[in-house]
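Notes to accompany the following structure.
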Amino acid sequence: MTPIASGLAADLVQSVDWSAVAPPTIAAVAGLVVLVADLFLPERRKPLLGWLAITGLLLAGLSLLPLLHADRSTFCVGSGGAEACSYTADAFTLVIQLLVLGGALLTALLSVSGIQDLRLPAGEFWFLLLSSASGAALLPASRDLATLVVALEVASLPAFALVGLRRESRLSSEAALKFFLSSVTATAVMLLGVSFVYATTGSLHLSRIADGLTHVDPRLDTLAQTGVVLTLVGFAFKTAAVPFHFWVPDTYVGAPIPVAAYLSVVGKAVGFSGLILVTLLAFPSYDDVWGPAIAVLAALTMTAGNVAALRQRPERAHSAVRLLAWSSVGQAGYLLVPIAAAGYAGSAGDASQAIGSTVAYALMYAAVNLGAFAVVALVARTHATGRITDYRGLYAARPAAALALGFFLLCLAGLPPGIIGLFAKVTVFSTAVHAGLGWLAVVMALNVVIALYYYLQWTAVLFRAPEPAGAATVTPVPATAPLTAAIGLAAVLGVALSGAPQLVLRFASGALL
């Protein structure tokens with residue numbers, strides 16, 4: 001056999017590190033187990049499927065423990081210093097996988113009662129949720145563009161179906177269609193960009209793309225720049241960055257509340273982790289292209305999201321979810337700031353430190369935003385209209401739920417006692433200042449002030465006196481054990497991190513690429 005043939009044969013023979021790929025694999029296998037079990041369980045035993053799904057997510061989370069002490073890579077080609085791998089379980093991967101699987105677990109707890117209330121098909125719901133979670137867990141470990149695109153679609157395609165799972169609801173079908181069409185368009189643009197990058201560099205592995213882009217033929221420079229920009233479009237869509245945000249409010253309103261919560265946290269984690277990987281690992285030599293572009297996107301996104309949230313009318317149907325939807329767009333703008341700062345960093349170490357700020361903010365946002373959606377799901381069991389005015393008197397009816405929601409909203413606003421929200425915002429703000437993006441820091445400060453109004457307005461409603469007798473008021477609503485557990489777990493995380501915010505900051509600082 002010739003040396004070339006023997007080298008090719010060696011590349012084709014893969015030794016899979018099953019421990020490294022365990023988190024997304026376990027989630028995917030759990031989805032298949034749920035789908036098969038659904039065929040044999042009688043209708044009265046269908047609730048068992050939810051606990052099977054929760055068990056699968058717990059096992060997937062526990063599989064992260066053996067990976068804590070060393071980086072693991074698999075599906076590699078080449079040898080020695082020329083080796084390039086498609087899957088890497090490093091510190092960044094593990095932190096994002098923890099966020100994804102933890103977010104999916106809280107979503108599962110929210111969904112146990114939601115499935116029964118909305119009469120959703122249990123087998124399909126749990127299979128789709130686990131399938132999407134497996135794709136979301138795969139994405140941060142992906143180290144080539146092909147795997148990134150596949151992981152992005154595995155996370156996205158089941159999400160389309162989850163949004164439209166309320167088959168009798170026109171809003172749900174419309175939301176799923178908007179989400180699908182806009183996502184497919186963004187993916188097509190991204191694939192065009194990937195093809196341009198491949199044509200320029202001759203590789204799909206992120207490390208080899210980075211090397212190839214440092215020595216681009218001048219005649220191909222425009223093609224390379226176009227490929228970089230178009231590749232970022234798909235991930236910008238997932239982060240709900242302006243102008244790719246238009247699908248968010250209608251999709252969140254039309255989706256079941258647990259699905260909207262899942263999209264607001266896990267969907268964003270997918271977009272941001274993909275954006276971080278391609279910018280820092282594949283396109284560092286083009287930071288003069290993507291750095292300013294992401295800075296402008298961050299400013300536009302936080303401003304559009306907060307201004308739209310400010311304009312929501314509390315008496316309008318579905319105003320609670322719609323406000324959280326626009327709030328999530330504004331929060332996406334804050335999350336983009338450190339990524340933009342990484343484009344202006346003077347060294348790779350400074351860029352990685354900036355990314356740690358995004359990870360820290362994402363961890364805070366995931367816990368408190370899922371908690372807010374959990375309380376919304378609780379109130380929706382009595383008030384299907386979903387208006388913010390429905391929350392008047394909640395403290396008198398359910399003081400624990402009102403205190404929890406008030407705390408979550410103050411965390412999102414960055415006000416005491418939500419200390420973790422304040423620390424996360426200060427960290428992001430200082431990252432922008434240190435990168436020389438003073439104008440972006442000013443825009444962020446103005447948006448934080450704008451956001452205070454609508455967060456505090458909703459918080460005040462919780463503690464107002466109930467409506468006079470005979471008017472629509474918040475009455476004691478039945479809270480199932482899983483829903484109570486979701487609210488309690490999110491509240492405990494928020495309080496613990498507010499008491500010791502350095503824990504999440506130190507944890508995120510280890511998530512360096």
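Positive end of the dipole of the stretch 35-152 (Cβ unit charges, origin at the Cα centre): among LEU98, LEU48, ALA108, the Cα lying farthest that way belongs to LEU48. Exposure here means at most 12 other Cβ atoms within 10 Å; with trypsin sites (Lys or Arg not before Pro) in a DSSP loop as sites, the longest stretch of the chain lacking them is 312-513. Using equal-weight Cα scatterers in the Debye expression, the normalised intensity of the stretch 174-324 in log10 at q = 0.21 Å⁻¹ is -1.28. For the stretch 64-170, the relative contact order is 25 percent, taking Cα pairs closer than 8 Å that sit 6 or more residues apart in sequence and dividing their mean separation by the residue count.
For the chain, give me every cysteine whose Cβ has no other Cys Cβ within less than 4.7 Å, ordered by residue number. That list is CYS411.
What's the longest uninterrupted piece of the chain once you rule out the GluC sites (Glu not before Pro) that are loop residues per DSSP with at most 13 other Cβ within 10 Å? After excluding every exposed loop site, the longest remaining stretch is 316-513.
Solvent exposure of the chain amounts to 38 Å² per residue of accessible area, where only protein heavy atoms count and the probe is 1.4 Å.
Against the compact-protein benchmark of 2.2 N^0.38 Å, the Cα-based radius of gyration of the chain scales to 0.96.
Over all directions, how big on average is the projection of the convex hull of the alpha-carbon atoms in the stretch 324-407, in square nanometres? Numbers along the way, then the final one.
On the way: hull surface 24.4 nm².
Dividing the Cα hull surface by four gives the mean projection, 6.1 nm².
Could you look at the stretch 363-428 and say what percent of its accessible area is carbon and sulfur, using a 1.4 Å probe and all protein chains?
70 percent
Cross-link partners for LYS238 among the lysines, with Cα-Cα distance under 29 Å and sequence neighbours closer than 8 places in the same chain left out: LYS178, LYS268, LYS425. With the convex hull constructed from alpha-carbon coordinates only, the stretch 345-473 shows a mean projected area of 8.6 nm² over all directions.
Were the residues from GLU168 through ARG506 laid out at 0.36 nm apart, the gain over their Cα-Cα distance would be 117.0 nm. Using only Cα coordinates, the Kirkwood hydrodynamic radius of the stretch 102-201 works out to 15.0 Å.
Per residue, the convex hull around the alpha carbon atoms of the stretch 264-330 comes to 61 Å³.
As a test of the formula, what do you get for the chain when each DSSP H run with n ≥ 4 contributes -39,500 (n - 2.57) and the sum is divided by the residue count, at 222 nm and rounded to the nearest 500 deg cm²/dmol?
Numbers: 21 runs with 359 residues, N = 513.
Calculated from helices alone, the mean residue ellipticity at 222 nm is -23500 deg cm²/dmol.
Based on the mean of other Cβ atoms within 10 Å per residue, sort peptides 89-97, 331-339, 493-501 so the most packed one is first.
Numbers: 89-97: 23.7, 331-339: 27.7, 493-501: 18.4.
Descending packing order for the listed peptides: 331-339, 89-97, 493-501.
What a 1.4 Å probe finds exposed on the stretch 201-294 is 63% carbon and sulfur by accessible area, rounded to a whole percent.
The values are calculated or read from the model by the stated rules, or taken from the named source; none is laboratory data. Since this is a predicted model, take the numbers as computed values, not measurements. Glycine gets a Cβ as well: all are built from the backbone with ideal geometry, and neighbour counts include every protein chain shown. Only protein heavy atoms, including side chains, enter the accessible area calculation; ligands, DNA and RNA are left aside. Shrake-Rupley method; radii C 1.70, N 1.55, O 1.52, S 1.80 Å.
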